[in-house]
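Presented below is the structure to which this report refers.
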Amino acid sequence: MPGDKSISHRYAILAALAEGRSEIRHFSTAEDCRRTLDCLQRLGVPVEIAGDCVRISGAGLGGLRAASGALDAGNSGTTMRLLAGVLSGQSFVSTLDGDASLRRRPMRRVMEPLTLMGAQIRARENQFAPLEVRGGALHSIDYTLPVPSAQVKSAILLAGLYAAGETIVHEPVPTRDHTEIALAEFGARMERSGRAIRLRGRGPESRLAARELEVPGDISSAVFFLAAALLLGDSELVLRNVGLNPTRSAVLDVLDSMGANIALVSVHGSSGELVGDIAVGHSELSGGVVEGAAIPALIDELPMLAALGPYTARGIEIRDAQELRVKESDRIAVLAENLRRMGATVEERLDGLRVAGRAAGRLRGAEINPHGDHRMAMALAIAALGADGETVIRDAECAAVSYPDFFNTLERLLKR
């Protein structure tokens, strides 16, 4: 699998703030992560890219320079939100912008805590990009996330590196903890206790040190091939060196509960992250309900689970996932629209959807519109593998946002 997108963003940003030269191997090839690297370069950070190896000569916490013009995050909400945290602690004004999709995504949830820390942030309609971030001297806060969000948590912690005192973030439910792991690897003064993360900021000991790191394979990309193996008869597949961080691997537990033939092999630690091989074979899935506290840990994998619904015995129902409506697209609406085009029976709800199982009939090929959303294009491509007839996916190149080689990899696997 390609390098994990979430981890690659975080390693790159912290390497830019560290002292010394970091080497990050198996860096994500996703367009989103390239946007992060480009923004860092425009902030004065030397970046060398050699295949999937990235070398970053850190500027230190005080060494970033103002960019000429806006920093373009493209389609990447992670780039925009995490850099908003970093830029809040700088002595200059920055503008963060993105494509039409990113300009529709709400940024108020990250603006509010950063403003409480002392940053001045202006936005279109007070919540949409472009964001003008006027940095300065920050102070620490004790903040409880109103909505579970790893990106907002990360933005606060990154701003906390520049804040006087101890910044504390409380999570209502656990979200992916790659930022906390990476901060510890780079030498930040932080600790976790239950659902509280404490980070000591500005001071004589506030330094990050360069590291040599290897990014695990991306489990959010792996899920598409896991799904393909589960629905196609006689399939046997092993995915090597996939990240198995407990805050990200919940999808394996969900599939296991539905009867998936999945096994973990050679699990080991790497720079604080769990990594291992995943073996999977064709399985008859029962289906089920995904809801409640499980949703934040599954948010990127929910589209693929929904697309598996027509191939399960009881169908798949997703609840409490209104967050899907403010992703790169309205993922609830886009899933419902396209699965119906393929003949699925779908009940769309405000906070999720129910996709009927096999008894509702086989899917048929159709023309699919992913609305520029990479995960929609890939999830619906896997659903199409079991459909009768040809499926045409418009704008399929949008998959490059997270997985440029997705369709080539899928074709190679299908030919073996």
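With respect to the numbered conditions (1) farther than 23 Å from P370 by Cβ; (2) more than 17 Å from the chain's Cα centre (by Cα), which one is the sole condition not fulfilled by L244? The one condition L244 does not meet is (2).
Restricting attention to segment 36-94, the residues that are small (G, A, S) and within 17 Å of S154 (Cβ to Cβ) add up to 7.
Taking segment 261-305 as the range and being more than 22 Å from A383 (Cα to Cα), surrounded by 14 or more Cβ atoms within 10 Å (Cβ to Cβ) and β-branched (V, I, T) as the test, only V275 passes.
All of M117, M107 fail the test of being free of Cβ contacts under 8 Å to residues at least 40 places away in the same chain and buried (at least 19 other Cβ atoms within 10 Å of the Cβ), apart from M107. Would you say L83 is buried (at least 24 other Cβ atoms within 10 Å of the Cβ) and over 24 Å from S22 (Cα atoms)? So L83 fails the test. Only one entry in S91, S57 is out of contact with any strand residue (DSSP E or B) (no Cβ under 7 Å at 6 or more places or on another chain) and among the hydroxyl-bearing types (S, T, Y), namely S91.
Report, by residue number, each residue of segment 316-328 that is farther than 20 Å from F225 by Cβ and surrounded by 22 or more Cβ atoms within 10 Å (Cβ to Cβ). The answer is I318, A321, L324, E328. Restricted to segment 250-321, the set of strands (runs of 3 or more DSSP E) holding at least 2 residues that are acidic (D, E) and at pLDDT 95 or above comprises 273-281.
Only one of the listed residues (L363, L353) is over 27 Å from the mean Cα position of the chain (by Cα) and in contact (Cβ under 8 Å) with a residue 40 or more places away in the chain. That residue is L363. Just one of the listed residues (A313, A333, A359, A379) is of a type in the set (G, A, S) and buried (at least 19 other Cβ atoms within 10 Å of the Cβ), and it is A379.
Out of the residues in segment 118-142 that are assigned to a strand (DSSP E or B) and among the β-branched types (V, I, T), state the one that is farthest from P106 (Cα to Cα). Top of the filtered list is V133. The condition of being out of contact with any strand residue (DSSP E or B) (no Cβ under 6 Å at 6 or more places or on another chain), in the same structural domain as H26 (by TED's automatic domain parsing) and not in a loop (DSSP other than H, G, I, E, B) does not hold for R198. Just checking, does segment 379-393 include any residue being closer than 19 Å to K5 by Cα, assigned by TED's automatic domain parsing to the domain that holds G287 and either among the aromatic types (F, W, Y) or in contact (Cβ under 8 Å) with a residue 24 or more places away in the chain (or both)? Within segment 379-393 (the criterion being closer than 19 Å to K5 by Cα, assigned by TED's automatic domain parsing to the domain that holds G287 and either among the aromatic types (F, W, Y) or in contact (Cβ under 8 Å) with a residue 24 or more places away in the chain (or both)), the answer is yes, since at least one residue qualifies.
Any residue that is of a type in the set (K, R) and either under 27 Å from R240 (Cβ atoms) or touching a helix residue (DSSP H, G or I) at 6+ places or on another chain (Cβ under 7 Å) (or both) - is there at least one of those in segment 38-55? Can you show your working first?
At the first step, the residues of segment 38-55 found to be of a type in the set (K, R) are 42, 55.
Then drop every residue that is not either under 27 Å from R240 (Cβ atoms) or touching a helix residue (DSSP H, G or I) at 6+ places or on another chain (Cβ under 7 Å) (or both), which leaves 55.
Yes, some residue in segment 38-55 is of a type in the set (K, R) and either under 27 Å from R240 (Cβ atoms) or touching a helix residue (DSSP H, G or I) at 6+ places or on another chain (Cβ under 7 Å) (or both).
Selection over segment 161-205 of residues that are among the polar types (S, T, N, Q) and surrounded by fewer than 19 Cβ atoms within 10 Å (Cβ to Cβ) gives a count of 1. Using the structure shown, decide if S22 is in the same structural domain as V169 (by TED's automatic domain parsing), part of a strand (DSSP E or B) and either under 25 Å from I181 (Cα atoms) or within 23 Å of the chain's Cα centre (by Cα) (or both). Here the answer is yes, as S22 does meet what is asked. Residues of segment 223-238 that are in contact with a helix residue (DSSP H, G or I) (Cβ under 9 Å, 6 or more places away or on another chain) and outside any loop (DSSP other than H, G, I, E, B): V223, F224, F225, L226, A227, A228, A229, L230, L231, E236, L237. Would you point out which residue out of G89, G63, G74 is in a loop (DSSP other than H, G, I, E, B) and crowded, with 23+ Cβ neighbours inside 10 Å? Just one listed residue meets the conditions, G89. Whether any residue in segment 48-59 is in contact with an Asp or Glu (Cβ under 6 Å, 6 or more places away or on another chain) and part of a strand (DSSP E or B) is what I want to check. Scanning segment 48-59, I find at least one residue that is in contact with an Asp or Glu (Cβ under 6 Å, 6 or more places away or on another chain) and part of a strand (DSSP E or B), so the answer is yes. Selection of segment 398-416 for residues being assigned to a helix (DSSP H, G or I) and under 17 Å from the mean Cα position of the chain (by Cα) yields C398, A399, A400, V401, F406.
The values are calculated or read from the model by the stated rules, or taken from the named source; none is laboratory data. Everything numeric here is computed off the predicted structure, so don't read it as measured data. Heads up, the Cβs are rebuilt from the backbone with ideal geometry, glycines too, and the neighbour counts pull from every protein chain shown.
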